[in-house]
Structures are given as structure tokens and as C-alpha cells.
1. Along the charge dipole of the chain, Cβ charges K/R +1 and D/E -1, which of Leu26, Val304, Gly278 sits furthest on the positive end?
2. Charges at C-beta only: +1 for Lys and Arg, -1 for Asp and Glu. How large is the resulting dipole of the range 109-293 about its Cα centre, in Debye rounded to 20?
3. Test of understanding: what is the full-extension gain from Leu170 to Glu90, defined as 0.36 nm times their sequence separation minus their Cα-Cα distance?
4. Over what distance in Å are the Cα centres of the range 1-65 and the range 225-296 separated?
5. How big is the dipole moment of the chain about its Cα centre under a simple scheme where the beta carbon of each Lys and Arg is +1, that of each Asp and Glu is -1, and everything else is neutral? Debye, nearest 20, please.
6. Among Ala110, Phe237, Val291, pick out the residue whose Cα is farthest towards the positive end of the charge dipole of the chain, where Lys and Arg carry +1 and Asp and Glu carry -1 on C-beta, about the Cα centre.
7. Pick from Gly275, Gly128, Gly62 the residue whose mean-square fluctuation is largest in a GNM of the chain, springs joining Cα atoms under 10 Å.
8. Grab the beta carbon distance between Val65 and Asp256, set R0 = 25 Å, and tell me the FRET efficiency rounded to 0.05.
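None of the figures in this text is laboratory data; all of them are computed from the coordinates on show. As the structure is a computational prediction, the values presented were derived from the model and not from experiment. Here Cβ is always computed from backbone atoms with ideal geometry, including for glycine, and neighbour counts include all displayed protein chains.
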Amino acid sequence: MPGPLPHFDAEAIRSVVDLSTCIEALREGSRELGELHPRSQVSLGEGDDFLLMPAVSPAGIGVKVVSVVSGNRDRDLPLIHGFYLYCDRETGVPTATLDGSALTTLRTPAASALAADVLARPDATTLGIFGTGVQARGHVAAMLTVRPTVERIVVSGRTVDSADRFVAGLDVGDRQAVTGSPTEAAGCDLVCGCTSSATPVVPTHAVRPGTHVGLVGSYSTARREVDADLLRRSAVFVDDRHAAADEAGDLITAADEGRWSFDEVRGDLAELCLGTAGRSSNDEVTLFKSVGLAVWDLIVASAVVRAGPR
């Protein structure tokens, strides 16, 4: 009888791969993603969701199950919980299980950083963060990985207290990290939206020419981090055109309002990695909208399993 599957918990995942490894794995794997498989989403009511995310690629076969329960904030529990099953591509044999939340914590910021590495100006010195959860923390580390030139980080949270606690817990060396208003955070060279907000949090008027904006918080029409005016000002890039058209609340709402069109998408992550799409001028505002691709989990899970103990 086969023995129990090896399980990589959050600590084990972090011990064998870091953000740089994940970014490079995604850079290589995103050049040819192959056929993408749709995510299944089951409403749990009150804006909460249960998600099933299958993927098949040369990296293997895998599926992640995720629950998103907003009330967990009041229970001092993470907003997102997840579990991952990884299988061998050739045989289909289950090979390992992994902490799905830890995978998400790694792959989402890594993908944002990969896009920022292509799109953000190389001289970026300020980073604005919207949100105070695990994705916000991951995005700080990821952006500093690809833009070590950042000297100042401005955090805007739902409350000043939550932002203050977040800032106090950051480990950013000798860089300055402060709590700021939405206007101050949006005025940075790099801006990351990492919230589950149902209404726009990034004030369009504060975004300066040359800024790069990365958005990960909205994955349904119930959530939205920017308004149509910012989309109209920006060169918009997405992780995948079909996934964005199905799930990117920021984009779908603006398109439904007739104020923006998916025809205006300038490129996807594969094109950014291949160098066939990118920033056209120093003054251009670039925006990368990510809803998260199941194949990213598979790519990172494969890297973990390969690097892990045999």
C-alpha cells in the first residue's frame, strides 16, 4: 500500500521556495500557459465564496479549493483558506498536498511583481499599498524584490489603526514605512490594490503620470478597487483576457457602464513575459489587473515539490 502523501504546510513551502524563485518560475511558465480551465465559484452568501481551481500544464496536474469568508476578520481568522492537491502529469498519481493559502500568498504577489518588473519604471522610489491583509504584506515583499530602489512605503487601510498595526509589523530594513491617506498611497510610483472592497479605493485624481498600478482584490462583479476613469487613463494589462472578462469586477463594471471596453486591453502576462507588450512611454500610467490563474498555483506547487525533500 502506498504511504501517506507528503504535505507541505506554510512553513515547509517557505523553506524551499522564496519570492524570487516563484517570480522566475512564473516568468518561465507564463510564456506558454496552454489551455486554461475555468474556475468554479459557489456563493456562500453575504459576499462569501467557495472556489474550485483546476489546472493542467507541463508542470503537472493540480486543483486548489478555496473558501473566502469575510466574517473571519471579526474572528481573528484569515479571510482566505485553501488546500491544494498536486499530481504527476504523466501518470496522474497524486504526489503531494500543499497549504493552498500559502500558495496563494506566494503566487499572487509573485505574478504582480512579474508584471511590475516589466511595466513599472525602473526608477520607482515609492510604493503605495491599499489593504492590510496577507496579500498586502506579500505585495510589499514582492515589489521590493523587483524594485529594490523603493525607499518609502505608504499604507492605506480600512482604518488608521489597522494600517498602523500593519506598518508596525513590516520588515523593510532601513526603508520608511508609514500610514497614509488614500490620496497619499495613490500618489506613489508603484500602487498595489490588495483589498476586497466593493467600491473603488484608489482615487483616480491622485494617480500621477508614469505610475504603475497592480490590482488583485477584485475577482467578481461584487468587488471593485478602481473606477472607470482610471481605466480610461491607463494602459490596461491583464493576467488572461478570458479570465478577466469573466471575473475582473473592476473591468466588467466599467465595460457594463459603457465607459471602457475589453478591446482596450493592451496585453496579458504571457505577452509581457515574451516582450511583445509593455509600457510605451515614461509618462504612461500602466495598470495590471489580476484575477489569479489556477495554473500559477500549479507552477509554484511544482517548484515546491521539486525543491522539497525526497
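1. Val304
2. 280 debye
3. Taking Leu170 through Glu90 to full extension adds about 24.6 nm, to one decimal.
4. 22 Å
5. Approximately 300 debye in magnitude.
6. Towards the positive end, the residue furthest out is Ala110.
7. Maximum fluctuation in the GNM of the chain, among the listed residues, is at Gly275.
8. 0.25
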